[in-house]
1. Within segment 57-111, which residues are of a type in the set (Ser, Thr, Tyr) and at pLDDT below 95?
2. Return the residues of segment 303-323 that are out of contact with any Lys or Arg (no Cβ under 9 Å at 6 or more places or on another chain), within 16 Å of residue 252 (Cα to Cα) and open to solvent by 30 Å² or more (accessible area, probe 1.4 Å); say none if nothing qualifies.
3. Among 48, 53, 58, which is the only one that is outside any strand (DSSP E or B), open to solvent by less than 10 Å² (accessible area, probe 1.4 Å) and of a type in the set (S, T, N, Q)?
4. Given the options 49, 67, 31, name the one that is at positive phi and within 11 Å of ligand 1 (Cβ to nearest atom).
5. How many residues, within segment 274-318, are of a type in the set (Asp, Glu), away from ligand 1 (no atom under 16 Å from the Cβ) and part of a loop (DSSP other than H, G, I, E, B)?
6. Please count how many residues of segment 240-255 are open to solvent by 10 Å² or more (accessible area, probe 1.4 Å) and in contact (Cβ under 8 Å) with a residue 60 or more places away in the chain.
7. Looking at the structure I just gave you, is residue 45 farther than 15 Å from residue 183 by Cβ and of a type in the set (A, V, I, L, M, F, W, C)?
8. Looking only at segment 185-204, filter to residues that are under 15 Å from residue 218 (Cβ atoms) and in contact (Cβ under 8 Å) with a residue 40 or more places away in the chain; which one of those is surrounded by the most Cβ atoms within 10 Å (Cβ to Cβ)?
Amino acid sequence: MKIQNEQPVLTVRNLKTHFFTEDGVVKAVDGVDFDLYPGEILGLVGESGCGKSVTSLSILRLVGVPGKIVDGEIWFEGKNLLSLTENEMVAMRGNRMSMIFQQPQTSLNPVYKIGDQVAEVFTIHKNLPKKEAWDKAVELLHLVGIPDAEKKAHAFPHEMSGGQAQRVMIAMALALNPTLLIADEPTTALDVTIQAQIMDLILELREKMGTSVILITHDLGVIAEMADRVAVMYAGQIVEQATVQELFARPHHPYTKGLMGSIPVLGKVTRRLEVIPGSVPNLINLPQGCRFSPRCKARIEQSLEICLHENPMLVETGSNHLCRCWLYDGQMKSAGDLMEANHE
Ligand SMILES: Nc1ncnc2c1ncn2[C@@H]1O[C@H](COP(=O)(O)OP(=O)(O)OP(=O)(O)O)[C@@H](O)[C@H]1O
Ligand code: SF4
Ligand SMILES: [Mg+2]
């Protein structure tokens, strides 16, 4: 449902978020660029530690000490979020943009009834009287599929299953019809049936409310089913970005190809990321040149010197397709052609 002739809802440019630790500067997010269009679901994938969560937290400006956004711009509904005051940002969060996390129980307050927690969103952001806010909360719990919502609203978080708690989080995240929902591994802690129900709920709410979604998951099957476009992250940067059909049909970047393995993925619901030999680079001491170079089979096979000295840019390599790899950069076109030929 991508509508690219519309203005993006969210534009992230050269985002850099670093952590200033005793051991050195961790470059968790180090020059991330992407756009998100109205009603679009953008999948964000990559191995553990590549900066997916820090990217999301940066957009909401929720990165805590010792982390700091050191560069870049985040444009949301015409405003650069990095220039807003903290009060303006508080109004933005929960109201126009919201996030659901991996562990729902830990995000809910254990000492309040869930009905009160959902109602609080309306009393804080909309100044609704308590009774009206409670009624709206019950309505919303019903909408997200909590059975017997009126009664369940009186329950405490520990009295709910993981799946129900995640529904409550979604109810809170969607209470005010946000323009942007960030779902960071929203179903990892849940069993497969509940996972599918939660994903259906996100799809339904996107249809009904036109919410744009950034969906972070390790499950390529979920990406194939849910996302319109995919961004692949490696060591704090986006290395490839394309429509979901294009990425699965024609992955360019050696890292993306590695993640997908050699078996076609589209349509397989349970497929997870492949394990690529070698380990994720140390984000304090990044490799020189291309960050993937120590693990890149293509570089080794083709003895590509440039990869060891210069990090490639993210460049357009096709319609709606961007890639950060010398094999697909204009300067290395002949090697890129060779690579394609080898794969056909
Ligand atoms: N508070 C912190 N202090 C130091 N480094 C941090 C901190 N928070 C995150 N990092 C580092 O930032 C990098 C990116 O972390 P992030 O949580 O964004 O990864 P991720 O892609 O979400 O991984 P996962 O798939 O495991 O959730 C990691 O190397 C992590 O160690
Ligand atoms: S730039 Fe070189 S090292 Fe990096 S992914 Fe491409 S071929 Fe591999
Ligand atoms: Mg994460």
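1. As a first pass, look at segment 57-111 and keep what is of a type in the set (Ser, Thr, Tyr): 58, 83, 85, 98, 106-107.
Across segment 57-111, the qualifying residues are 98, 106, 107.
2. Correct list: 316, 317, 319, 322.
3. Working: 48 fails: open to solvent by less than 10 Å² (accessible area, probe 1.4 Å); 53 fails: open to solvent by less than 10 Å² (accessible area, probe 1.4 Å).
Just one listed residue meets the conditions, 58.
4. Working: 67 fails: at positive phi; 31 fails: within 11 Å of ligand 1 (Cβ to nearest atom).
When all the criteria are applied, what remains is 49.
5. Going residue by residue through segment 274-318, those that are of a type in the set (Asp, Glu) are 274, 301, 305, 310, 316.
Subsequent filtering for residues that are away from ligand 1 (no atom under 16 Å from the Cβ) retains 301, 305, 310, 316.
Filter again for part of a loop (DSSP other than H, G, I, E, B), leaving 305, 310.
Adding up the residues that qualify gives 2.
6. Step one: list which residues in segment 240-255 are open to solvent by 10 Å² or more (accessible area, probe 1.4 Å), which gives 241, 243, 245-246, 248-252, 254.
Among the residues that remain, those that are also in contact (Cβ under 8 Å) with a residue 60 or more places away in the chain are: 241, 243, 246, 250, 252, 254.
Residues flagged as open to solvent by 10 Å² or more (accessible area, probe 1.4 Å) and in contact (Cβ under 8 Å) with a residue 60 or more places away in the chain within segment 240-255 amount to 6.
7. So residue 45 does not fit the description; no.
8. Looking at the filtered set, the residue picked out is 186.
The values are calculated or read from the model by the stated rules, or taken from the named source; none is laboratory data. Fair warning: this is a prediction, and the values are worked out from it, not measured in the lab. As a convention, Cβ positions derive from the backbone with ideal geometry for all residues, glycine included, and neighbour counts pool all protein chains shown. Side chains included, ligands, DNA and RNA excluded: accessible areas come from the protein's heavy atoms. Shrake-Rupley method; radii C 1.70, N 1.55, O 1.52, S 1.80 Å.
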